[in-house]
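This report concerns only the one structure given below.
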Amino acid sequence: METGSESFHTSSAIFHTSSADETREFGRALGALLGPGSLVAFVGELGSGKTVAIQGVSAGLGYEGYVSSPSFVIVNEYEGAGAPIYHVDLYRVSAADALHEIGYREIFFGDGVALVEWADRASELLPPERLEIRIAIEGRNGRELAVTALGEDMTSLLERLAALWKERDPHARPHD
């Protein structure tokens, strides 16, 4: 795990999954660690597994319903165990200005948990403390999840996630 400067903590780790179910399970482990006010920014090409990971995160946050990508409505809201879950899909958003219409400040900076697909389309609007997950396709079913934690709380969360994932499968170690 790599760690950044003392003034603003950053760290990163790379995780690998071998199936959609395992990507969902990774998300579930992450979701169990998130709390109110968290934002996770997902980036990856079409079909890389962003929604699959978010399904797992939502389950880890206590949501038991169906999770689908809100491509046309931009935001789906689910009730998590401890906070509302905002699933945001920016794929069809052409300008960050369009996010003002949906009340992005309440979603990104509020007391809920924001899970943002295609987050790179509005990176300038995201809170400085967040988790960024870049998902890349590896072979037919595998995924590489490059996770960057920005801020002290998210750095601590990433350390806990790495320990949990290593416990789950000692051979699937995160690395720099």
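Read the figures in this text as sums done on the coordinates, not as results from a lab. Predicted model only: the values in this text are computed from it and were never measured. No Cβ is skipped: glycine too gets one built from the backbone with ideal geometry, and neighbour counts run over all protein chains shown.
Details
- Of the peptides 101-109, 130-138, 23-31, the order by per-residue mean of other Cβ atoms within 10 Å, starting with the highest, comes out as 23-31, 130-138, 101-109.
- Relative contact order, percent, the chain [alpha-carbon distance under 8 Å, six or more residues apart]: 33
- When both bridge partners sit in the chain, DSSP labels roughly 65% of those beta bridges antiparallel.
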